[in-house]
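A.B. asks: My questions all concern the structure below.
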Amino acid sequence: MQNLIQLLPDHIANQIAAGEVIQRPASVVKEMIENAIDAGSNKIQVIIKDAGKTLIQIIDNGNGMSSGDALMCFERHATSKVRKADDLFALTTKGFRGEALASIAAIAHVTLKTKRAENEVATKIQIEGSKVVCNEACVSSEGTSFEVKNLFYNVPARRNFLKSDNVEFRHIVDEFERVALAHPDITFTLHHNEQEIYHLPSTVLRKRIVNILGKNTNDRLVPIEESTDIVKINGYVLKPEFARKTRGEQFLFVNQRFFKDSYFNHAITKAFEGLIQSKLYPGYFLYLEIDPSKIDVNVHPTKTEIKFEEDRSIYAILFSSIRQALGKYNIAPSLDFERETSFDLPMSKLKEDAIEPVIRVNPEYNPFQSFNAQKSSSNKAYSSAINAQGFGKKENSESDWQSFYQIKEEEVTADTSLFDLSNVKDISNSFAFKGKYMITACKSGFLVIDCARAHERILFDEMHARFISSPIQAQALLFPVEKEFSKDEKVHWINSKTILERLGFEGEFEDNILHLSAVPASLQEESIHPCIDMILEKISYKDVDKGDLAHLIISSVAQAYGRQKSRITDESAAQHLVETLFQSEEHAVTPQGKKIIQTLTLEELAEKF
């Protein structure tokens, strides 16, 4: 019987390995930037076309390779960083498995140019699907240049599963920012379709964070610094008031390597307990330095999951260091229970002479003589019904008691003003309460309608129906509105520019400041900034396709419009709101799925009595 088990050919084995290491264009960018860092580069250029599907080029000024090493680096398990098994537990470099370049060469067209300082000429190697098609000398500057073209050209199934260019480029930006934040001492540039997205000069950590997230980030950072025998922690957290609904600004690094860890994230979130709302996430940029022998980075092919030998101790240190920093910079209240505060004096009194307390007594004071005056001043209405003995005289007792009960009725009348009945307007079978809610009768009881959410649903339906057939009407602004963006937000906005202009947003960037010249006609000026913030929050989602992008932007405009229209001003407007709302097929919920209408049945009402 013929044997069934056979060794896989190298090109098939490489394609299988590529499936683990190279998931999308961003994976190629990450692996090659890390190789450039390991080569001792202090300047790295990243050039992208069509979100990496057409071209990914990494140029560095590192040590370069000899002609022999240039050919050997594309072999599986070829590495310059591991010589023995013990080296795996003392890693200080990024890549070490020797699978990345072999995997990339198996699924793309790769061109390598590399030159060492001591060599007169450079080496050029071209590989297509693991096959070397060119190996020759060439002219090139010192360092290495990798060009990766036509990614997944021979794996069409994998290429078909790639997302839109916007989504794939966002993943590339994520990987680029992580490496750039881990190495502020290296100069990085990123170009996409011949447009410069990032130019990050070598600098200190705080400046690198500001260069990536925007100038307004500088005042939001709270420094963290802690040094123990187990771990050294430094970096920054964002002030609690700048917590966001997404996890976008959360970065953890260990020994200059980005990683994800839900356990440590819990420690950081717990440190903010009581300072931020439950559905918001704090931002942080934290760097851990640990003995390499006490961590294992060889857990996952992408090396973003790391095992820690003393994770519980690190959890406690992380929590306490953040909590202490928040208290130190008066972000969180901190109490010192060992200090006696009862004798604290204001600073203005410290230089004054001591004051000796003096007790003064008035010997003529008689509290009973002023009883009538006190009662008169405290409540004039009772003065005719109650005298010094507490009762009226016989001849006027009847009138006194009548006035007594009259007083009580006036008090009750005055107390009812607390309900502010002037704010309730009858509208046929409905009425508006406080201008924010509509209450209308139905067969089973009452319907309570949130006016802001009702306006949001109505405008969303109108804009969505109009957007399908024609652009949304834009309203030109008399004075352009300026809005500062971070680098990442600017990328998201530019990538979504076509849809944004079709929805009525027109403007141009000057550096990182957007000069907005037109907005949808439904938006008032005070709602423009909140609306842009909501749009940026939604278009920054990692896996948003063009089909969903318009829906999210319209939803943001409708939400901002609903907030500015949150109050009912007159009876006709309220009646029109109810009638228009019930014409919508989805009148019960907003585009985000929040309730617009709440039913209060007669049974529920009866239970309350």
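The values are calculated or read from the model by the stated rules, or taken from the named source; none is laboratory data. Just so we're clear, the structure is a prediction, and the values are computed from it rather than from any experiment. Note that each Cβ is placed from the backbone with ideal geometry, even for glycine, and that neighbours are counted across all protein chains shown. Ligands, DNA and RNA are stripped out before the accessible areas are found, and what is left, the full protein with its side chains, is counted by its heavy atoms. Shrake-Rupley method; radii C 1.70, N 1.55, O 1.52, S 1.80 Å.
A.B. asks: When the stretch 43-75 is examined, which residues are found to be part of a loop (DSSP other than H, G, I, E, B), out of contact with any Leu (no Cβ under 9 Å at 6 or more places or on another chain) and either open to solvent by less than 10 Å² (accessible area, probe 1.4 Å) or among the charged types (D, E, K, R) (or both)? Steps first, please.
C.D. replies: Taking the stretch 43-75 first, the residues part of a loop (DSSP other than H, G, I, E, B) are 53-54, 61-66, 73-75.
Those still in the list that are out of contact with any Leu (no Cβ under 9 Å at 6 or more places or on another chain) too: 61-64, 66.
Correct list: Gly62 only.
A.B. asks: Which members of the stretch 555-586 meet the condition of being crowded, with 20+ Cβ neighbours inside 10 Å, farther than 23 Å from Phe505 by Cα and modelled with pLDDT of 80 or more?
C.D. replies: Answer for the stretch 555-586, where residues must be crowded, with 20+ Cβ neighbours inside 10 Å, farther than 23 Å from Phe505 by Cα and modelled with pLDDT of 80 or more: just Leu581.
A.B. asks: In the stretch 98-129, how many are closer than 22 Å to Lys53 by Cβ, of a type in the set (Ser, Thr, Tyr) and surrounded by 23 or more Cβ atoms within 10 Å (Cβ to Cβ)?
C.D. replies: 1
A.B. asks: Here is a further query. Checking Thr246 against (1) buried (at least 17 other Cβ atoms within 10 Å of the Cβ); (2) under 16 Å from the mean Cα position of the chain (by Cα), which single condition isn't satisfied?
C.D. replies: If we test Thr246 against (1) buried (at least 17 other Cβ atoms within 10 Å of the Cβ); (2) under 16 Å from the mean Cα position of the chain (by Cα), just (1) comes out false.
A.B. asks: While we're on this one: Can you name every residue in the stretch 447-484 that is small (Gly, Ala, Ser) and in contact (Cβ under 8 Å) with a residue 40 or more places away in the chain?
C.D. replies: Hits for the stretch 447-484 are Ala452, Ala454, Ala474, Ala476.
A.B. asks: So which residues in the stretch 143-166 are among the aliphatic types (A, V, I, L, M) and either surrounded by fewer than 20 Cβ atoms within 10 Å (Cβ to Cβ) or under 19 Å from Thr189 (Cα atoms) (or both)?
C.D. replies: Val148, Val155, Ala157, Leu162
A.B. asks: A further question follows. Which residue pairs have Cβ atoms closer than 8 Å, lie 6 or more positions apart in sequence or on different chains, and pair a first residue in the stretch 122-140 that is more than 17 Å from Ser103 (Cα to Cα) with a second residue that is open to solvent by 80 Å² or more (accessible area, probe 1.4 Å) and of a type in the set (A, V, I, L, M, F, W, C)?
C.D. replies: Going by the 8 Å Cβ cut-off, the qualifying pairs are Ala122/Val139; Ala137/Val121; Cys138/Val121; Val139/Val121.
A.B. asks: Right, next: Considering only the stretch 276-295, state which residues are more than 21 Å from Ser540 (Cα to Cα) and open to solvent by less than 50 Å² (accessible area, probe 1.4 Å).
C.D. replies: Ile276, Leu286, Tyr287, Leu288, Ile290, Pro292, Ile295
A.B. asks: Now, a different point. Quick check on the stretch 457-469. Is at least one of its residues under 30 Å from Leu602 (Cα atoms) and open to solvent by less than 70 Å² (accessible area, probe 1.4 Å)?
C.D. replies: Yes, the stretch 457-469 contains at least one residue that is under 30 Å from Leu602 (Cα atoms) and open to solvent by less than 70 Å² (accessible area, probe 1.4 Å).
A.B. asks: Sticking with this structure for a sec: Tell me yes or no: at least one residue of the stretch 280-298 is modelled with pLDDT under 75, among the β-branched types (Val, Ile, Thr) and under 30 Å from Glu31 (Cα atoms).
C.D. replies: Scanning the stretch 280-298 turns up at least one residue that is modelled with pLDDT under 75, among the β-branched types (Val, Ile, Thr) and under 30 Å from Glu31 (Cα atoms).
A.B. asks: Identify all residues within the stretch 185-227 that are open to solvent by less than 20 Å² (accessible area, probe 1.4 Å) and part of a loop (DSSP other than H, G, I, E, B); write none if there are none.
C.D. replies: Once the filter is applied, which keeps residues that are open to solvent by less than 20 Å² (accessible area, probe 1.4 Å) and part of a loop (DSSP other than H, G, I, E, B), the stretch 185-227 yields Ile186, Gly214.
A.B. asks: I need the full set of residues from the stretch 494-504 which are surrounded by 15 or more Cβ atoms within 10 Å (Cβ to Cβ) and of a type outside the set (Lys, Arg), in order please.
C.D. replies: Ile494, Asn495, Ser496, Ile499, Leu500, Glu501, Leu503, Gly504 - these are the residues of the stretch 494-504 that are surrounded by 15 or more Cβ atoms within 10 Å (Cβ to Cβ) and of a type outside the set (Lys, Arg).
A.B. asks: May I pose another question? Consider Val491 carefully, then state whether it is surrounded by fewer than 18 Cβ atoms within 10 Å (Cβ to Cβ) and in contact (Cβ under 8 Å) with a residue 40 or more places away in the chain.
C.D. replies: no
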